[in-house]
1. Anything in segment 90-134 that is within 16 Å of the chain's Cα centre (by Cα), in a loop (DSSP other than H, G, I, E, B), surrounded by fewer than 24 Cβ atoms within 10 Å (Cβ to Cβ) and not hydrophobic (A, V, I, L, M, F, W, C)? List them, or say none.
2. Identify all residues within segment 69-93 that are among the polar types (S, T, N, Q) and either touching a Pro at 6+ places or on another chain (Cβ under 8 Å) or closer than 21 Å to D136 by Cα (or both); write none if there are none.
3. Restricting to segment 54-86, and then to whatever is within 13 Å of the chain's Cα centre (by Cα) and part of a strand (DSSP E or B), can you tell me which residue is farthest from the ligand (Cβ to nearest atom)?
4. Could you check segment 1-13 and list, in sequence order, the residues that are surrounded by fewer than 19 Cβ atoms within 10 Å (Cβ to Cβ) and under 20 Å from P53 (Cβ atoms)?
5. Among residues belonging to segment 151-189 that are among the basic types (K, R) and more than 15 Å from C203 (Cβ to Cβ), point out the one that is nearest to the chain's Cα centre (by Cα).
6. Scan segment 186-198 and give yes if some residue there is farther than 22 Å from I110 by Cα, at pLDDT 95 or above and within 16 Å of the ligand (Cβ to nearest atom), otherwise no.
7. Name the single residue that is modelled with the lowest pLDDT among those in segment 1-17 being in contact with a helix residue (DSSP H, G or I) (Cβ under 7 Å, 6 or more places away or on another chain) and more than 12 Å from A69 (Cα to Cα).
8. Could you please give the count of residues in segment 72-83 that are closer than 23 Å to T201 by Cα and in contact with a helix residue (DSSP H, G or I) (Cβ under 7 Å, 6 or more places away or on another chain)?
Amino acid sequence: MIPDWPSERQRMVDRQLRKRGIRDPRVLDAMQAIPREEFVPHECRVSSYQDEPLQIGYGQSISQPYMTALMAELLELTGSETVLDVGGGSGYHAAVLGQLAARVISIEIIPALARQAEQNLSRTGLGANVTVVCGDGSQGWPAAAPYQGISVAAAAPDIPEPLRAQLGDPGRLVIPVGDRFDQELRVIVRLDGVTHERGATFCRFVPLRGDRGWR
Ligand code: SAH
């Protein structure tokens, strides 16, 4: 039996997002619109809207829907921004950001996953304003900087300096920082030349690799 995906998605939005305090209507609409089942491996499709991370191969995982929604909400996007998505994985998070911003650059370090993300985005018709690149996102992607939003989906030992440098003004950066097991989701807000930083929640992401990641 084929699951009723739109109702499963609706239930996820109500029970996992609204109930836990996601309020931005644009984020709720994007989460209601994007078919997560098209971004997860075939064998875990039935779990697409479960409240848990899912394995996407190569030892990597896609965050639970709530974390994707929270990170998107913390960027406070209005639709005019250029956003950098570090750790593109399956392309799901990039697809959500694509609904919320003008343009998204999604950078993924594992070539096979970058190809997969590109295929997922084009098959679903969600790739028009999303560019997938393969490379080390711990160094950002200077070619399209500055970014009004930067979202990092892998845990960093510290906030990579190149990401700070490529953050615009105004700009918001969301990144899990900590050790390999426990991290805090940090939010860096730059406005009128002043940069503030705060913690949003505790979390657990796969490690950020590359030059400014874990070796
Ligand atoms: N946001 C993704 C899931 C992210 S999992 C989704 O929606 O599916 C974290 C991803 O970060 C993994 O795919 C991993 O390969 C990637 N990654 C780790 N270090 C990276 C780096 N330095 N640059 C780019 N991608 C990186």
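The values are calculated or read from the model by the stated rules, or taken from the named source; none is laboratory data. Everything quoted here is computed from the prediction, not taken from an experiment. Because the Cβ atoms are built from the backbone with ideal geometry, glycine has one as well, and the counts that use them run over all protein chains shown.
1. G127, N129
2. T82, S90
3. Here the residue is V83.
4. Across segment 1-13, the qualifying residues are P3, W5, E8, R11.
5. Going through segment 151-189, the residues among the basic types (K, R) turn out to be 164, 172, 180, 186.
When the remaining residues are screened for being more than 15 Å from C203 (Cβ to Cβ), the result is 164, 172.
Details: R164: 17, R172: 13 Å.
Per the stated criteria, the residue is R172.
6. Scanning segment 186-198, I find no residue that is farther than 22 Å from I110 by Cα, at pLDDT 95 or above and within 16 Å of the ligand (Cβ to nearest atom), so the answer is no.
7. Going through the qualifying residues, I end up with P3.
8. 4
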